[in-house]
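The values are calculated or read from the model by the stated rules, or taken from the named source; none is laboratory data. It should be emphasised that the depicted structure is a prediction, and the values quoted were computed from it without experimental measurement. All Cβ positions, glycine included, derive from the backbone under ideal geometry; neighbour counts span all protein chains shown. Ligands, DNA and RNA are excluded from the accessible area calculation, which covers all protein heavy atoms including side chains. Shrake-Rupley method; radii C 1.70, N 1.55, O 1.52, S 1.80 Å.
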Amino acid sequence: MEKERKIVTISLLAGISVVIYLIESFLPSPVPWLRYGFSHIITLFALLFFGPKEALLIFIVRTVISSLIVGRLFSPTFFFGLGGGFVVVFFMAGLLSILDGRGLGIVGISVSGAWVNSLVQMLIAAMLFARHREIFLLLPVSLIFAVATGLINGIVVYYLNGYGQRALGYKSRYFPV
Amino acid sequence: MFTKWDKILIIALIVASAASYPAIRHFFPGEKYVSIEVLGEEIKVVRLGLHKEISVRGISGESIIRFDEFGARFVESPSSYKKCIGAGYVKDVGDVIHCEENGVTLRVIGSGRADRAKPDFITR
Amino acid sequence: MKIVKALKAKSILKYILPVIIVVILFSIWHFQRKIITVTKTRLVLGTVVEITVQGKNRGLLSDAVSAAFLRISEIEKIADRNTVDSEISKLNSLAMLGESKKIPVSRETLEMLNLARGVSESSGGAFDITVAPLVDLWNFKEGGQNRRIPEKGEIRERLKFVDYRNVIIDKSDNSISSDLAGIKLDLGGIAKGYAVDEAVLVLRGFGVESGVVNAGGDMAIIGNKVGGSPWVIGVQDPRDANKLIALLSLEDVSVVTSGDYERYFIHNEKRYHHIIDPNTGYPSNESISVTVIVKNTAKNKAKNTALADALATAIFVLGPEKGLELAESIDSVEVLIVGPSGKTFATKGVIDIIEYLD
């Protein structure tokens with residue numbers, strides 16, 4: 001892929017990711033401090049389209065820019081998002097390269113990523129808020145919630161993957177159409 | 001869209017999520033905690049409902065706080081009028097006893113919401 | 001051109017880029033309106049002082065609160081009788097020596113003395129800053145072992161020195177004087193409120209339009225909560241520290257409560273507490289608790305917490321009947337009194353702002 005095309009696509013994906021994150025910020029949060037994580041649609045798509053490095057870059061750009069706008073830079077939500085996001089990118093990248101398209105499909109990858117993300121966010125929350133240990137009682141709820149959002153993200157990425165391969169003319173390493 | 005393993009994974013994760021509930025309940029049976037503060041700074045969080053005594057170093061000496069099934073209260077305090085001992089128990093979320101002379105505060109915190117409108121401040 | 005072509009789907013840029021820009025701009029506008037609350041707590045004025053402010057700029061709010069605390073410490077240095085080199089301590093040591101010449105005082109002390117004088121006059125001496133000799137005799141500040149009930153003779157002896165009229169205030173040259181050697185001033189009944197007022201002035205100077213300065217239950221409320229709702233203030237049950245007797249919905253007022261449960265001891269089933277009737281020399285049993293609310297009006301905005309502080313003591317000593325009369329006679333003052341039997345009394349205006357509990 002040419003360099004310019006790659007840069008533009010990455011910037012565009014980062015921009016879309018910011019927009020998804022911001023729109024999500026307007027929605028009421030079901031569990032305090034935790035988020036739907038719909039912007040991980042872009043993270044997963046970038047992971048399939050480019051690879052871990054680019055996905056991580058998009059994710060970091062998205063987190064910093066949107067936190068600046070929302071006014072949550074260095075707030076608890078920021079760290080939950082950042083910590084959970086790092087783990088989720090490496091986790092999904094690892095799953096992809098180990099399974100190499102076998103076993104789990106895109107939806108499976110997305111769901112397991114979201115689930116792990118939720119778990120990591122809870123652990124970070126526990127470390128940051130020793131006094132609010134009762135939020136652990138919300139763990140089961142947020143885990144099930146993560147399965148649901150992971151499912152939605154996975155389905156969206158499933159279609160994006162197909163569209164990307166047909167319209168943008170790239171060949172997926174793991175999930176060719 | 002879904003592979004066989006996708007479906008198995010989703011079901012397994014839902015089961016695992018649900019199963020984490022009893023485990024969590026086991027470790028955190030109560031939803032109420034007492035935050036012990038000295039000069040406004042939280043030094044300890046103790047779950048309500050267990051029998052125990054905790055001693056806290058305040059500005060003028062040792063305050064001893066007893067926890068039991070009724071709640072938490074001061075049983076020993078260096079303050080001269082024993083006002084905080086007389087103040088009795090804290091047990092509901094939002095309850096506060098402030099031991100002025102020793103700078104020690106007991107505050108019940110929890111995950112539940114208060115039933116009625118809680119005041120922003122209290123005049124006393 | 002090459003780049004755009006290379007993307008093949010030209011329309012992606014054409015349609016998605018404007019959407020991205022619009023959403024980001026809208027979000028910046030939306031989230032920059034967000035209101036922040038800053039709360040800080042310090043141990044000053046012998047109590048826990050908590051300042052809470054709401055606004056848009058965290059740095060500014062934080063600076064405002066720090067400056068307000070500095071101002072409170074300054075007032076403490078002027079008015080605290082427990083500090084040896086405070087202005088009030090120096091005045092008292094001069095007065096003890098029988099100094100009858102004019103003594104220059106700070107603007108703050110003069111203002112407190114003036115306010116106190118006003119309340120003393122309107123309450124017929126139920127509030128009196130010269131009550132210090134009696135306060136020292138009863139000694140509620142110090143440790144429990146020394147607590148005892150003073151002899152009648154001792155009280156009679158000290159009552160001689162208790163009369164606010166013995167202090168002569170000269171506004172023309174900011175000085176005070178007294179003909180009577182041995183009088184002692186105690187600004188305790190007004191200094192806390194005054195310090196809160198001064199803190200509020202500092203906060204307002206920083207442009208704060210919403211907040212609460214709470215000095216151990218004596219508080220000034222600036223504006224209403226962001227979003228327009230009033231601040232909800234609970235009134236403590238005087239016989240159960242864990243309960244409230246009422247909720248008050250307040251905006252732009254000062255609230256001060258005086259109660260017989262703050263510092264007290266019980267001897268032979270009788271309660272002896274720190275609010276001493278300057279006329280008898282004994283703790284007043286006319287009330288259990290008095291909550292005074294002074295509304296800020298255009299005319300009267302400066303020293304309402306100090307006024308509420310002094311009035312709470314005065315009304316406590318006067319009791320429900322005369323106390324209500326006094327409160328009704330002053331514009332913008334409301335009061336809630338728990339009488340000796342536990343019955344509550346309130347001025348007419350209270351009904352609009354109160355919700356009784358249980």
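Summary of computed values
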| quantity | calculated |
| --- | --- |
| In Å², nearest 10: area of C:Glu121 left accessible to a 1.4 Å probe | 110 Å² |
| Exposure rank, largest accessible area first [C:Asp179, C:Asp252; 1.4 Å] | C:Asp179, C:Asp252 |
| Mean Kyte hydropathy of -0.5 or more with a Cα span along the axis of at least 24 Å, helices from DSSP in chain C | C:10-32, C:58-79, C:188-205 |
| Helical mean residue ellipticity (222 nm; -39500 (n - 2.57) per DSSP H run of 4+; nearest 500) of the protein assembly as shown | -14500 deg cm²/dmol |
| Alpha carbon centroid spacing (whole Å) that separates the stretch C:52-94 from the stretch C:152-179 | 27 Å |
| With DNA, RNA and ligands ignored, accessible area of C:Trp231 (1.4 Å probe; Å², nearest 10) | 10 Å² |
| Cβ-based charge dipole, chain C, positive-most Cα from C:Asn82, C:Leu244, C:Tyr164 | C:Leu244 |
| Chains A and C, summed buried accessible surface - 1.4 Å probe, Å², nearest 100 | 1700 Å² |
| Normalised contact order of chain C, rounded percent, pairs of Cα under 8 Å and 6 or more residues apart | 16 percent |
| Charge dipole of chain A about the Cα centre (unit charges at C-beta), most positive-ward option of A:Phe38, A:Gly162, A:Leu68 | A:Gly162 |
| Accessible solvent surface per residue of the protein assembly as shown, calculated while the other protein chains remain in place, 1.4 angstrom probe, Å² | 46 Å² |
| Total charge dipole magnitude, the stretch A:77-177, about the Cα centre, Cβ charges on Lys, Arg, Asp, Glu only, Debye to nearest 20 | 180 debye |
| Kirkwood Rh and Cα Rg combined as Rg/Rh, the protein assembly as shown | 1.11 |
| Longest DSSP-loop-exposure-free segment, trypsin sites (Lys or Arg not before Pro), chain C, at most 14 other Cβ within 10 Å | C:172-238 |
| Area accessible to solvent at C:Met96, 1.4 Å probe radius, in Å² | 110 Å² |
| Mean-position separation - Cα centroids, the stretch C:17-38 and the stretch C:302-316, in angstrom | 45 Å |
| Averaged over A:2-13, number of beta-carbon atoms from partner chains that fall within 10 Å | 3 |
| For the stretch C:38-358, the fraction of alpha-carbon pairs in successive 20 Å shells from zero, as % | 33, 59, 8, 0 |
| Long pairs among B:Lys44/C:Lys77; B:Lys83/C:Lys192; C:Lys243/C:Lys343; C:Lys77/C:Lys160; B:Lys32/C:Lys225, criterion Cα-Cα beyond 23 Å | B:Lys44/C:Lys77; C:Lys77/C:Lys160; B:Lys32/C:Lys225 |
